[in-house]
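All of the numbers you see were taken from the coordinates with simple rules; none came from a lab. Keep in mind that what you see is a predicted model, and the values were worked out from it rather than measured. Methodologically, a virtual Cβ is constructed for each residue, glycine included, from the backbone with ideal geometry; neighbour enumeration extends over all protein chains shown.
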Amino acid sequence: MTLTANWSYPTAVRFGAGRIKELPEACAAAGMKRPLLVTDRGLADLPITRATLDILDKAGLGRALFSEVDPNPNEMNLAAGVAAFKAGGHDGVIAFGGGSGLDLGKMVAFMAGQTRPVWDFEDVGDWWTRADADAIFPNVAVPTTAGTGSEVGRASVLTNSQTHEKKIIFHPKVLPSVVICDPELTVGMPKQITAGTGMDAFAHCLEAYCSPHFHPMSQGIALEGMRLVKENLPRAYADGTDLEARGQMMAAAMMGAVAFQKGLGAIHAVSHPVGAIYGTHHGTTNAVVMRAVLDFNRPAIEERIGKAADYLGISGGFDGFCGFVEGLIADLGIPSSLTGLGIADPDFDALLEGALKDPSTGGNPVEMTAENTRPLIAACFS
Ligand SMILES: [Fe+2]
């Protein structure tokens with residue numbers, strides 16, 4: 001089977017190995033003649049980034065690069081990116097990378113023409129209507145990991161460097177105009193990033209699947225997304241050059257992001273403040289807290305998880321599913337507690353406050369309160 005296709009769901013997706021060479025056409029389709037490629041510092045000097053800039057250069061699109069992007073991007077990274085965008089007279093952004101590069105790139109295209117501060121566009125009620133929609137520049141997304149799914153999302157996560165809170169900034173026109181999913185770009189991903197980002201995709205599917213909201217389309221996508229991760233993440237981790245596994249993981253990542261329109265839950269609600277305060281890797285943190293959250297949600301999800309286990313070919317219902325998650329995390333070299341991630345002296349009050357304020361709490365199948373969430377966070381450290 002050749003994993004190559006053009007999709008128009010939820011946006012225009014050019015999927016397949018080697019398709020990064022179509023980036024100039026993608027820019028043309030998005031109406032860009034002077035794109036700014038936004039990525040993170042770690043990716044800036046890698047061969048895949050240089051080769052991508054070469055493709056742009058050869059097509060007469062220049063090789064402008066902005067890479068002052070932190071692993072958990074913040075408003076200062078955004079301000080610097082917007083300044084670079086304006087100084088270069090750019091007309092659109094190529095958001096390139098994992099979650100950090102994709103999210104910050106999308107925000108630069110969104111904010112370059114706005115006059116209000118970015119926090120005014122947090123995903124609260126209809127705040128997105130405050131934006132001047134005509135002043136939003138287009139973006140083309142090129143993921144280089146398989147996890148975040150931000151390439152098919154209408155929002156970005158931005159950390160407030162003052163309050164250490166992760167905020168979701170939403171606007172329908174933040175959705176990339178074109179996505180290039182080229183699994184060859186993920187071949188060089190370090191093993192622990194393959195593991196962490198892959199588990200982010202799994203967390204998106206799992207939390208969407210367990211969310212109580214009515215969204216049957218996302219429900220189906222979440223279930224198949226979990227299956228793709230189960231079948232392909234261990235393969236991609238074992239052999240990073242396995243292009244079929246890499247491709248299936250890229251598909252699973254997009255499916256996770258499409259599915260979580262249905263909602264996220266306590267995995268992300270706990271993981272977000274942990275990442276914002278201690279700078280841990282998002283997907284890896286999700287994996288670490290997943291097992292405790294399954295226990296936390298058990299009364300509401302036991303039957304539903306049993307059905308998922310049947311579909312995934314896991315015996316033993318809910319307990320079998322938990323055993324599968326434990327085994328997968330161990331096989332991927334991910335620690336089983338947040339202490340193992342290097343957080344020696346956690347600030348439980350700050351983590352609790354952050355978790356309860358996180359927008360993901362609303363999608364958790366068990367209502368999160370101070371009384372039940374404090375022991376949940378403690379369980380993530382034990
Ligand atoms: Fe996530």
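With the largest listed first and rounded to whole Å, the semi-axes of the equivalent ellipsoid of segment 190-381 from the Cα gyration tensor are 24, 20, 15.
Our compactness index for segment 220-329, the C-alpha radius of gyration over the empirical 2.2 N^0.38 Å, is 1.09.
In percent, rounded to a whole number, the relative contact order of the chain is 15, using alpha-carbon pairs under 8 Å and six or more apart. Counting neighbouring Cβ atoms within 10 Å and putting the fewest first, the residues TYR278, TYR209, TYR311 line up as TYR311, TYR278, TYR209.
Rg/Rh for segment 41-145 stands at 0.97; both radii use Cα atoms, and Rh follows the Kirkwood definition. Averaging the Cα positions of each part gives two centres, and for segment 156-177 and segment 179-224 these lie 19 Å apart. Sorting ILE168, ILE301 by the number of Cβ atoms found within 10 Å of their own Cβ, with the fewest placed first, yields ILE168, ILE301. Largest first, the extents of the alpha carbon coordinates of the chain on the three principal axes equal 57, 47, 39 Å.
For segment 323-382, build the convex hull from the C-alpha positions and give me its volume per residue in Å³.
Cα convex hull per residue, to the nearest whole number: 107 Å³.
Taken along the Cα-to-beta-carbon direction at a fixed 7 Å, the label points for GLU244 and THR115 span 5.7 nm.
The three principal axes of the Cα atoms in segment 5-185 give end-to-end lengths of 40, 31, 30 Å, sorted in falling order.
Every Cα-Cα pair of segment 133-282 was included, and the share exceeding 27 Å stands at 22 percent. Whole-Hz Karplus values for segment 264-269 come out as 10, x, 5, 4, 6, 4 Hz, taken residue by residue from phi with 6.51 cos²θ - 1.76 cosθ + 1.60 and θ = phi - 60°; glycine and proline positions read x.
Computed over the alpha-carbon atoms, segment 220-281 gives an Rg to Rh ratio of 1.06, Rh here being the Kirkwood radius from the mean inverse distance. Entry note, the chain: the mean residue ellipticity at 222 nm calculated from DSSP H runs of n ≥ 4, each adding -39500 (n - 2.57), is -16500 deg cm²/dmol after division by the residues and rounding to the nearest 500. When the charge dipole of segment 5-185 is built from unit charges on Cβ atoms (+1 for Lys and Arg, -1 for Asp and Glu) and taken about the Cα centre, the candidate among LEU36, ILE169, LEU23 whose Cα reaches farthest toward its positive end is LEU23. A Förster radius of 22 Å combined with the Cβ-Cβ distance from LYS33 to ALA87 puts the calculated FRET efficiency at roughly 0.85.
Can you tell me how much longer the chain between ASP70 and ASP126 gets when fully stretched, taken as 0.36 nm per residue apart minus their C-alpha distance, in nm with one decimal? Walk me through the numbers before you get to the answer.
Working: separation 56, 0.36 × 56 = 20.16 nm, distance 2.87 nm.
Fully extending the segment from ASP70 to ASP126 adds 17.3 nm.
Value of Rg to Rh for segment 88-155, rounded to two decimals, is 0.98; Kirkwood radius and Rg both from alpha-carbon coordinates.
Tally Lys/Arg at +1 and Asp/Glu at -1 over every other residue whose Cβ is under 13 Å from the Cβ of GLU68; what's the total?
-2
Could you please report the charge total around LYS173, scoring K, R as +1 and D, E as -1 over all other residues with beta-carbon less than 11 angstrom from its beta-carbon? Charge balance in the 11 Å sphere: 0. Residues VAL178, VAL69, VAL187, VAL93, ranked from the fewest to the most other C-beta atoms within 10 Å, line up as VAL187, VAL178, VAL69, VAL93.
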